[in-house]
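The values are calculated or read from the model by the stated rules, or taken from the named source; none is laboratory data. This structure is a prediction, so every number in the text was calculated from the model and none was measured. Here the Cβ positions follow ideal geometry from the backbone for every residue, glycine too, while neighbour counts run over all protein chains shown. All accessible areas refer to the heavy atoms of the entire protein, side chains included, with ligands and DNA or RNA removed. Shrake-Rupley method; radii C 1.70, N 1.55, O 1.52, S 1.80 Å.
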Amino acid sequence: MKRRVAILISGRGSNMAALIEAAAEDGFPAEIAVVISNVATAGGLAIAERSGIATAVIESRPFGKDRAGFEAKLQGELDAHGVELICLGGFMRLFTAEFAQRWYGRMLNIHPSLLPSFPGLDPHGQALRAGVKISGATVHFVTPDTDAGPIVVQGAVPVADDDTPETLAARVLAVEHRIYPEALRMLAAGLLRFDGDLCRSVTSAAPERSLIVPAAE
């Protein structure tokens with residue numbers, strides 16, 4: 001049985017599209033049951049609809065600071081679609097601790113940095129100001145603390161001396177589209193386990209390749 005997944009978005013749905021494409025492949029252990037947006041004009045809704053996926057809009061603005069009220073409405077939509085797992089794809093809404101705990105181990109998020117470095121806003125600007133030579137993206141489980149949940153998958157890219165936040169973001173985005181479907185695949189297939197506050201893969205082995213920047217001549 002494929003696990004039923006909801007993707008939550010607020011904008012263009014770039015990672016959502018990568019997840020939809022992966023889930024359409026034969027043998028993928030999850031299916032996208034619904035795409036939910038808290039913004040009625042989110043561009044990702046049209047992409048989901050063209051892919052034949054159910055969509056729903058729950059505008060968050062009318063709820064203001066009433067996060068629990070918004071989450072009650074969201075939970076009703078998740079229940080209506082029999083959702084078992086959640087993927088956040090650029091979902092610009094914080095959850096209460098109660099909602100995060102309810103979905104702990106079943107809700108993934110992707111962040112464009114190598115966590116725990118550069119959490120929160122402007123991760124690419126943070127990386128460039130710190131002068132790091134390698135950046136990347138992280139898929140992690142959602143917890144009440146922002147960008148602090150157990151790490152599932154990470155992908156790295158080199159940082160060039162002439163990078164801007166925009167050029168670095170484009171390079172990292174390509175990695176995001178690779179690692180998010182892989183993280184969902186592992187979760188849906190039961191290939192992840194918790195070791196205290198850490199997430200482990202029951203099958204993966206560390207790759208032998210290294211990314212060294214700048215490379216020696």
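For the chain, the residue among F63, G52, A24 whose Cα projects farthest onto the positive side of the dipole built from Cβ charges is F63. The lysines whose alpha-carbon is closer than 26 Å to the alpha-carbon of K2, local same-chain residues fewer than 8 away aside, are K73. About its Cα centre, the chain has a charge dipole of approximately 360 debye under the convention of +1 per Lys or Arg Cβ and -1 per Asp or Glu Cβ, with nothing else charged. Listed options for P(r) over Cα pairs in 10 Å bins from 0, in percent are [x] 8, 29, 31, 19, 9, 4, 0; [y] 7, 25, 32, 25, 9, 1; [z] 8, 33, 37, 18, 4, 0. The value calculated from this structure is the one marked [z]. All other residues whose Cβ lies under 12 angstrom from that of A170 are scored, Lys and Arg at +1 and Asp and Glu at -1, for a net of -2. The H on the amide N of V153, modeled in the peptide plane, is under 5 Å from the matching H of V139, each at least 5 residues off or on a different chain.
Helix 67-80 and the longest principal axis of the Cα set of the chain meet at an angle near 80°. Taking the accessible area of the chain, probe 1.4 Å, and keeping the other protein chains in place, the carbon and sulfur fraction comes to 52%. For D163, nonlocal amide neighbours, meaning residues 5 or more places apart or on other chains whose placed amide H falls under 5 Å from its own, do not occur.
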